[in-house]
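Visitor: If you scroll down you'll find the structure; I have some questions about it.
We did not get these values from a lab; they are worked out from the coordinates using the rules stated. Because the structure is predicted, anything quoted here is derived from the model rather than measured. Ideal geometry is used to build each Cβ from the backbone, glycine not excepted, and the neighbour counts take in all protein chains shown.
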Amino acid sequence: MNGDLKLKLGGQEFASRLIVGTGKFSSVEVMLEAIKASGAELVTVALRRFNRERPSDDLMAPLARLGVTLIPNTSGARNAEEAIRAAMLGRELSGSSFVKVEIHPNPHHLMPDPIETYEASRVLAKEGFIVLPYMPADPVLAKRLEDAGCAAVMPLGSAIGTGHGLSTAEMVKLIIADSGIPVIVDAGIRSPSEAAAAMEMGCSAVLVNSAIAAAGIPAAMASAFAAAVNAGYSARQAGIMSRCDHAVATSPLTNFLS
Amino acid sequence: MNLTVNGEKQELMEPGTLGQLLDRLGIVPERVAVMINGRVIPKTGRNDVSLREGDRLEILTFMGGG
């Protein structure tokens, strides 16, 4: 079991099983404090056009100082071709081969396009990327993505930013049962208990952004998530008791009082 | 010479390389990724790429994202 303690992705090992997104924070300082408190070693970032008037928005220098590994996402891509291009650009900037493939053409629900996601993931895995696809919680697609060479699959808990939690729990369990690669729940998680539940289910990690960024005190919420992820993972490793449909006494029932 | 940089028209007095343009714009080269006409230009190749009339450049950096 000891060999399993670290999260393995693309031949690299990580002590933390909490991956943090960097969107929606009120300031770079608040974001950096939250990342520190989370203990995350993997952090997602997005691409945008360089703006000379706002060079202070630059995240690269402060994130490099934290020593975290960046996972550029392909957000903004509407199809596989655009996602592949975004991945190439992200790799140029980050210097790492991690990419979170994220293709969600409909801004109303931001559901990942399974066909374009599969195609982009297949090509990028062949190109040597460490591919982490954001995907619908579909066990068939998960297996196809695994066969295509992805380093992990990232099924959604619920729609991005909604905080509706693990609405896909039953499907995520099916994905985990069949998967030979890490399963990371991405999107929808609202509170640490949901992150713990995902880990107890057998997820290898969780990716949290809005729940930390939108918290009253993001750094405090980040450390709460870190504790929850650890608790859930430890519980899973310890072996959770099975359910029983009738009561099973924990104290003796001998009639010595009568 | 006319270029489009991040969606905006720009006029350059003298043609040059991509590396020279970034330098003139005061951009720290390690902080950006560049695409010309949809093609990603590796950091190491920027001084070998001469800009041409009508080129469309995208100069990108990281922002917060999930």
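Visitor: Taking Cα pairs under 8 Å and at least six residues apart, what relative contact order does region A:173-258 come out at, in percent?
Guide: Relative contact order of region A:173-258: 28 percent.
Visitor: Using label points projected 7 Å from each Cα along Cα→Cβ, tell me how many nm separate B:T4 and A:A238, to one decimal.
Guide: For B:T4 paired with A:A238, the spin-label model returns 6.0 nm.
Visitor: Pull up all non-local amide H partners of B:M63: gap of 5 or more, or a different chain, and H-to-H distance under 5 Å with H placed in the peptide plane.
Guide: When sequence neighbours closer than 5 places are left aside, the close amide H contacts are A:A46, A:L47, A:R48.
Visitor: Hey, another quick one. Excluding residues fewer than 8 places away in the same chain, name every one of the lysines whose C-alpha is closer than 21 Å to that of A:K143.
Guide: The qualifying lysines are A:K8, A:K100, A:K126, A:K173.
Visitor: If a helix is a whole DSSP H run, which ones in chain A reach 24 Å or further along their own axis (Cα) and hold a mean Kyte-Doolittle hydropathy of at least -0.5?
Guide: A:218-238
Visitor: Continuing with the same structure: Select from A:P192, A:S27, A:S121 the residue farthest towards the positive end of the dipole of region A:9-238; place +1 on Cβ of Lys and Arg, -1 on Cβ of Asp and Glu, and compute about the Cα centre.
Guide: Value computed over the given set: A:S27.
Visitor: On to the next question. Lysines near A:K36 by alpha-carbon distance under 20 Å, same-chain residues fewer than 8 away left out - which ones?
Guide: Hits, sequence-local ones excluded: A:K6, A:K24.
Visitor: Based on DSSP, what percent of beta bridges with both residues in region A:9-238 are antiparallel, to the nearest 5?
Guide: So the antiparallel bridges amount to about 5 percent of the total.
Visitor: Another question, then. Would you compute, from DSSP H runs of 4+ residues alone, the mean residue ellipticity of chain A at 222 nm, taking -39500 (n - 2.57) per run and dividing by the full residue count, rounded to the nearest 500?
Guide: The helix-only estimate for chain A comes to -12000 deg cm²/dmol at 222 nm.
Visitor: Output the peptides A:93-100, A:27-34, A:141-148 sorted from most to least packed, where packing is the average of other Cβ atoms within 10 Å over each peptide's residues.
Guide: A:93-100, A:141-148, A:27-34
Visitor: Could you tell me which of A:L59, A:S204, A:F256 has its Cα farthest along the dipole of chain A towards the positive end, charges placed at Cβ (Lys, Arg +1; Asp, Glu -1), taken about the Cα centre?
Guide: Value: A:L59.
Visitor: Okay, next question. Using a Gaussian network model on chain A with a 10 Å cutoff between Cα atoms, which of A:T162, A:T117, A:T74 fluctuates the most?
Guide: Looking only at A:T162, A:T117, A:T74, the biggest GNM fluctuation is shown by A:T162.
Visitor: For region A:10-83 and chain B, compute the distance between their C-alpha centroids and round to whole Å.
Guide: 23
Visitor: Let me ask something additional. What is the magnitude of the charge dipole of chain B about its Cα centre, with +1 placed on the Cβ of each Lys and Arg, -1 on the Cβ of each Asp and Glu, and no other charges, expressed in debye to the nearest 20?
Guide: Dipole about the Cα centre, nearest 20: 180 debye.
Visitor: Quick check: residue separation of A:H164 and A:L66 times 0.36 nm, minus the Cα distance between them. What number comes out in nm?
Guide: Full-extension gain reported as 32.2 nm.
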